Amino acid sequence: MLLNVILLLAGFIILIKGAEYMVNGASSVAKRMNISTLVIGLTIVAFGTSAPELTVNVINSIYGRNEAIFGNIIGSNIFNLLMILGVTGLIYPLVVQQQSVKYEVPLSFIAIIIMYLLVNDVMFFNGTSNTLNRFDAFLLLIGFLFFMYYIYRSMRRKPDFEEDGIKIMSMPVSLGLVVLGVAMLIGGGYLVTENAVGIAQKFGLSEKLIGLTILAVGTSLPELATSAVAAYKKKTDIAIGNVIGSNIFNIFFILGINGLIKPIGYNTVLNTDMKVLGGGTIVLLIAMFTLNRNKVDRWEAFIFLMLYIAYTCYLIIRN
């Protein structure tokens with residue numbers, strides 16, 4: 001138990017430094033290539049910080065831990081949306097690009113709807129069981145390709161605003177920081193997750209609860225660390241892009257890859273958690289249209305944080 005705690009703390013330290021390297025390197029790359037920091041947040045940063053989810057869920061898929069897979073994906077996305085936006089919005093109000101309000105956030109909501117339809121075979125398609133089969137996984141990956149095409153189109157769109165105070169470094173140094181940051185985020189995320197799960201199992205927690213809480217939080221720590229550092233440095237595009245991009249990436253790509261490896265059985269108890277995720281996305285859209293448009297203010301961020309705490313209490317009571 002003592003070794004688990006020591007490695008857990010070491011993982012946190014590695015995560016924080018990795019996030020700093022990732023943000024600085026990605027911001028410099030964006031400036032050098034004249035690409036908006038929002039696009040960098042939606043791609044390089046989002047995919048890099050989602051690497052722990054990919055690693056953990058591929059392992060879960062191979063060993064047939066179905067509830068842990070869905071619990072991790074849904075739980076991570078809820079954590080990203082409510083906890084991370086809550087924390088980062090308290091650090092610094094998040095000004096959002098107009099295109100995020102129009103396209104990225106609604107696209108993340110559409111991804112939730114698609115996932116909900118594909119896994120509830122009994123409810124919608126008169127199936128005998130609820131399973132994400134390989135055809136479903138293929139559809140999710142098609143959705144990911146559509147998202148990448150949208151990103152490609154976005155690279156040519158002039159942003160509403162660009163963020164100042166970004167230190168421009170040489171391209172080799174910038175890319176080196178991104179690669180080092182990703183490696184540290186993956187390594188730190190692995191240390192935190194594995195040791196947190198080890199501690200949780202000693203207390204006899206269920207696979208589903210571990211997936212929705214320990215694994216979800218553990219594999220989302222790179223997103224939290226990266227977005228918090230980005231908010232502290234007032235690079236709000238990276239903070240927002242990281243969260244929304246990671247949520248889309250988790251559903252379309254990671255769940256799609258897992259479904260191709262092996263069909264995944266689905267427990268409908270998780271429908272409630274999926275509805276929480278969908279509801280949280282709608283709340284984010286509402287927040288962007290109230291008072292200061294295209295901005296998540298501190299009081300709105302506080303509401304997100306309270307919603308996550310309430311959801312966590314519900315999980316403990318339910319399980």
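The values are calculated or read from the model by the stated rules, or taken from the named source; none is laboratory data. Every value quoted in this text rests on a predicted model; they were computed, and no experiment measured them. Neighbour counts are summed over all protein chains in view; Cβ atoms, including those assigned to glycine, are modelled from backbone coordinates with ideal geometry.
All conditions but one from (1) under 29 Å from residue 318 (Cα atoms); (2) crowded, with 24+ Cβ neighbours inside 10 Å; (3) of a type in the set (Lys, Arg) apply to residue 262; the one that does not is (2).
A single entry from 255, 212 fulfils the requirement of being of a type outside the set (Phe, Trp, Tyr), modelled with pLDDT of 85 or more, closer than 23 Å to residue 190 by Cβ and crowded, with 24+ Cβ neighbours inside 10 Å: 255. Flag set for residue 281, criterion: of a type in the set (Ser, Thr, Tyr) and more than 23 Å from residue 27 (Cα to Cα). Condition (residue is modelled with pLDDT of 85 or more, outside any loop (DSSP other than H, G, I, E, B) and in contact with a Phe, Trp or Tyr (Cβ under 6 Å, 6 or more places away or on another chain)) applied to segment 163-179: is it met by at least one residue? Yes - at least one qualifying residue is present in segment 163-179. Evaluate segment 180-188: report whether one residue or more is in a helix (DSSP H, G or I), at pLDDT 75 or above and in contact with a strand residue (DSSP E or B) (Cβ under 7 Å, 6 or more places away or on another chain). No, segment 180-188 contains no residue that is in a helix (DSSP H, G or I), at pLDDT 75 or above and in contact with a strand residue (DSSP E or B) (Cβ under 7 Å, 6 or more places away or on another chain).
Inside segment 123-156, can you point out the residues that are of a type in the set (Val, Ile, Thr) and under 20 Å from residue 257 (Cβ atoms)?
131, 142, 151
Condition test on residue 317, is it free of Cβ contacts under 8 Å to residues at least 24 places away in the same chain and either of a type in the set (Val, Ile, Thr) or in contact with a helix residue (DSSP H, G or I) (Cβ under 9 Å, 6 or more places away or on another chain) (or both)? Yes, satisfied. Selection of segment 124-150 for residues being without any contact (Cβ under 8 Å) to a residue 40 or more places away in the chain and in a loop (DSSP other than H, G, I, E, B) yields 126, 127, 128. Sort out which residues of segment 230-247 are surrounded by fewer than 24 Cβ atoms within 10 Å (Cβ to Cβ) and touching a helix residue (DSSP H, G or I) at 6+ places or on another chain (Cβ under 8 Å), and write them in order of number. Across segment 230-247, the qualifying residues are 232, 233. Of the conditions (1) over 24 Å from residue 119 (Cα atoms); (2) among the aromatic types (Phe, Trp, Tyr); (3) in contact with a Phe, Trp or Tyr (Cβ under 6 Å, 6 or more places away or on another chain), residue 289 clears all except one; give me its number. Here residue 289 meets the rest and fails (3).
Suppose we keep only residues that are of a type in the set (D, E, K, R) and either touching a Ser or Thr at 6+ places or on another chain (Cβ under 7 Å) or not in a helix (DSSP H, G or I) (or both) within segment 278-319. Which one would you say is nearest to residue 217 (Cα to Cα)? Filtering first and then ranking leaves 297.
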